[in-house]
Amino acid sequence: MPPGSQQCPDHLLEHLIRGQRLRVSVSYRGRYAPSPTGALHLGNLQTALLSWLQARLAGGQWILRIDDLDCPRNRPGAIERIQSDLRWLGLDWDEPCVLQSARTGVYDAWLNWLRRCGALFACRCTRRQLAGHMVYPGHCRDAAGHWGLERERFPAWRLKVPCNDPRNSGDVLVRRSDRITAYHFATVIDEICLGITDVVRGSDLLDSLPSQLSIFDALGQESPRFHHGPLLRDQAGRKLSKRIASAGLEPLRTNGLEAADVIGEMASRLSLVPAGSRLSASELLLEIDPKVFQSLCS
Ligand code: GLU
Ligand code: ZN
């Protein structure tokens, strides 16, 4: 792979150095990265709680990042809603909230460099050509690609992942044909540049791990520790019905529930406190048995 931090142009090297500095300035920097597609539902909030608890138990920092690159899916008012729900629950974040939409220049700088290094290729596969393939089948890998329009479409860009890559992630999509930076790429660049040491997220994102690790490898950067927490279950351990799991805080608040009720409920579902507990997020921090907590996010 061509990129290694030595050959990296100065402006990108600065990103790496800043990230490294942030990482060593504290031993733990976590992040929570919701997409503003609507209000956070209880499943998202449980993940936010786990991520916040781990950071605070470690005496570390917790960064709020909004994954708002996929503009067509963003909902007006969702960012403010997410922030006010987290605040209401007492899940406070450090540093100003990071918006991915404000960082497109950073992603583009990395993409340009990778492209100049020959680490990317243009992919013009149609949705139909890719249907049924779990892993990119490599159609365009060796084609003499270019970035311009062809049949009125721009190409997508993929990272050349070595064929013997043990993760079998295939050639990872880094820029979509609608010219939006792909989630995998933006998230990896952000973990590096923001100096993230630990990611706690739901186990529904486990599938995205191989692709993301392949990007860290290609950039010659160490990945953060990844922890995938349990998805929301009811007290009997069953997966919650979509209707309940997808409900946000609004109906609960309308019914007069307070933050302590919601934190107590989420924490008891995670077996961190007995059922029926009412407590604030900061009280929960003092209650937790670190061993029980550790076993939750592997
Ligand atoms: N923004 C992505 C989501 O909400 C998640 C990102 C992540 O935690 O890696 O599904
Ligand atoms: Zn292709």
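The set of residues in the range 60-97 being in contact with a Ser or Thr (Cβ under 8 Å, 6 or more places away or on another chain) and surrounded by fewer than 22 Cβ atoms within 10 Å (Cβ to Cβ) consists of GLY60, ILE66, ASP67, ASP68, ASP70, CYS71, ARG73, ASN74, ARG75, ALA78, GLY90. Restricting attention to the range 131-147, the residues that are in contact with a strand residue (DSSP E or B) (Cβ under 9 Å, 6 or more places away or on another chain) and at pLDDT 90 or above total 4.
Here's the yes/no breakdown for (1) among the hydrophobic types (A, V, I, L, M, F, W, C); (2) in contact with a helix residue (DSSP H, G or I) (Cβ under 9 Å, 6 or more places away or on another chain):
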{"position": "LEU99", "(1), (2)": "yes, yes"}
{"position": "ARG103", "(1), (2)": "no, yes"}
{"position": "CYS117", "(1), (2)": "yes, yes"}
{"position": "TYR136", "(1), (2)": "no, yes"}
{"position": "HIS139", "(1), (2)": "no, yes"}
{"position": "ALA144", "(1), (2)": "yes, no"}
{"position": "VAL161", "(1), (2)": "yes, yes"}
{"position": "SER169", "(1), (2)": "no, yes"}
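Take the residues in the range 29-53 that are within 11 Å of ligand 1 (Cβ to nearest atom) and either of a type in the set (Lys, Arg) or out of contact with any helix residue (DSSP H, G or I) (no Cβ under 8 Å at 6 or more places or on another chain) (or both), then tell me which one is farthest from CYS71 (Cα to Cα). Once the filter is applied, the top-ranked residue is SER51. Inclusion of LEU149 among residues that are out of contact with any Ser or Thr (no Cβ under 9 Å at 6 or more places or on another chain) and closer than 22 Å to TYR183 by Cβ is not warranted.
Meeting the requirement of 2 or more residues that are within 16 Å of ligand 2 (Cβ to nearest atom), the helices (runs of 4 or more DSSP H) wholly within the range 40-155 are 127-130.
Selection over the range 185-209 of residues that are in a helix (DSSP H, G or I) and near ligand 1 (Cβ under 9 Å from one of its atoms) gives a count of 5. The residue that is surrounded by the fewest Cβ atoms within 10 Å (Cβ to Cβ), among those in the range 183-225 that are of a type in the set (A, V, I, L, M), within 24 Å of TRP52 (Cβ to Cβ) and out of contact with any strand residue (DSSP E or B) (no Cβ under 7 Å at 6 or more places or on another chain), is ILE192. Does ARG124 qualify as being crowded, with 16+ Cβ neighbours inside 10 Å and touching a His at 6+ places or on another chain (Cβ under 9 Å)? For ARG124, the condition - crowded, with 16+ Cβ neighbours inside 10 Å and touching a His at 6+ places or on another chain (Cβ under 9 Å) - is met.
The values are calculated or read from the model by the stated rules, or taken from the named source; none is laboratory data. Every value quoted in this text rests on a predicted model; they were computed, and no experiment measured them. As a convention, Cβ positions derive from the backbone with ideal geometry for all residues, glycine included, and neighbour counts pool all protein chains shown.
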